[in-house]
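The values are calculated or read from the model by the stated rules, or taken from the named source; none is laboratory data. The structure displayed is predicted, hence computed values, not measured ones. Glycine gets a Cβ as well: all are built from the backbone with ideal geometry, and neighbour counts include every protein chain shown. Just the protein is used for accessible areas: all its heavy atoms, side chains included, with ligands, DNA and RNA removed. Shrake-Rupley method; radii C 1.70, N 1.55, O 1.52, S 1.80 Å.
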Amino acid sequence: MLKVGLTGGIGAGKSEVSRLLVEQGAVLIDADRIAREVVAPGTAGLAAVVDAFGEGVLAEDGSLDRPQLGSIVFADAEKLAVLNSIVHPLVGARSHELEEAAAEDSVVVHDVPLLAENGLAPLYDLVIVVDASPETQLDRLVRLRGMTEEDARARMAAQATREKRLEIADVVIDNDVPLEALQRRVRDVWADLVRRARGASE
């Protein structure tokens with residue numbers, strides 16, 4: 001099994017690369033999706049969040065009111081640390097379960113947005129960074145996601161710098177290119193990952 005960490009700045013196109021890798025045969029473990037699952041209604045995770053932050057973080061239907069919780073934790077580093085101390089271990093445990101269920105010769109891709117920020121590179125055999133210029137990121141966030149330029153710049157500034165991400169990269173996928181070129185690059189990277197996975201399982 002080859003454990004791959006996949007990351008990239010907001011708007012760099014990491015989701016597209018993860019989709020292309022799945023098409024090639026990768027087993028995808030999406031940290032963002034798992035983070036939503038572990039605080040779904042009825043979970044111990046949601047109960048722990050409500051215990052820490054109060055009933056005010058629940059929507060009318062009993063699910064987590066993410067914007068409300070975000071407004072609390074992103075303005076207060078200590079509260080964010082409390083939330084992370086609840087959610088991160090649950091995400092880690094579920095990610096481990098999914099990894100254990102994968103076949104021995106799999107290429108398991110962990111899609112982790114904050115891989116660089118949280119110093120997680122040592123957990124993986126290989127780190128892939130999807131890279132795009134800040135101008136490209138800004139354009140995509142404003143044009144495709146409907147963010148204001150101010151909001152987009154703030155979200156970008158809250159993440160690791162481009163340089164910090166590239167420092168941890170074993171493989172860089174340039175996404176300042178047309179889709180066809182990106183698809184070719186991902187196919188080449190996939191062929192290399194498969195070779196490495198076979199070597200690791202022998």
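Out of the residues in region 52-70 that are assigned to a helix (DSSP H, G or I) and surrounded by 12 or more Cβ atoms within 10 Å (Cβ to Cβ), which is modelled with the lowest pLDDT? Outline the logic, then answer.
The initial filter retains those residues of region 52-70 that are assigned to a helix (DSSP H, G or I), namely 52-53, 55-57, 66-70.
Then keep just the ones that are surrounded by 12 or more Cβ atoms within 10 Å (Cβ to Cβ); that gives 52-53, 57, 66, 68-70.
On the way: Ala52: 96, Phe53: 96, Val57: 95, Arg66: 90, Gln68: 90, Leu69: 91, Gly70: 84.
Among them, the one singled out is Gly70.
The residues of region 71-87 that are surrounded by 13 or more Cβ atoms within 10 Å (Cβ to Cβ) and over 18 Å from the mean Cα position of the chain (by Cα), listed by number, are Ile72, Val73, Lys79, Val82.
Among the numbered conditions (1) modelled with pLDDT of 95 or more; (2) more than 30 Å from Arg162 (Cβ to Cβ), the only one that Ser18 does not meet is (2).
Scanning region 32-48 for residues that are open to solvent by less than 40 Å² (accessible area, probe 1.4 Å) and within 12 Å of His88 (Cα to Cα) yields Ile34, Ala35, Val38, Val39, Gly45.
Can you say whether Arg196 is in contact with a strand residue (DSSP E or B) (Cβ under 7 Å, 6 or more places away or on another chain) and either over 16 Å from Pro134 (Cα atoms) or modelled with pLDDT under 95 (or both), as far as the supplied structure shows?
On the way: in contact with a strand residue (DSSP E or B) (Cβ under 7 Å, 6 or more places away or on another chain): yes; either over 16 Å from Pro134 (Cα atoms) or modelled with pLDDT under 95 (or both): yes.
It is true that Arg196 is in contact with a strand residue (DSSP E or B) (Cβ under 7 Å, 6 or more places away or on another chain) and either over 16 Å from Pro134 (Cα atoms) or modelled with pLDDT under 95 (or both).
Cβ-Cβ distances below 7 Å connect the following pairs, each with a first residue in region 83-104 that is of a type in the set (Asp, Glu), a second residue that is assigned to a helix (DSSP H, G or I) and at pLDDT below 95, and a separation of six or more residues or different chains: Glu104/Ser201.
A quick yes/no check of all residues on (1) of a type outside the set (Lys, Arg); (2) under 15 Å from Glu16 (Cα atoms):
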| position | (1), (2) |
| --- | --- |
| Leu90 | yes, no |
| His96 | yes, no |
| Ala103 | yes, no |
| Pro122 | yes, no |
| Ile128 | yes, yes |
| Asp131 | yes, yes |
| Asp139 | yes, no |
| Arg143 | no, no |
| Ala158 | yes, no |
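Regarding Ile29, is this residue surrounded by 13 or more Cβ atoms within 10 Å (Cβ to Cβ) and in a helix (DSSP H, G or I)? Answer is no for this residue. In region 117-131, what count of residues is obtained for those that are at pLDDT 95 or above and either among the charged types (D, E, K, R) or under 24 Å from Arg185 (Cα atoms) (or both)? Number of matching residues: 9.
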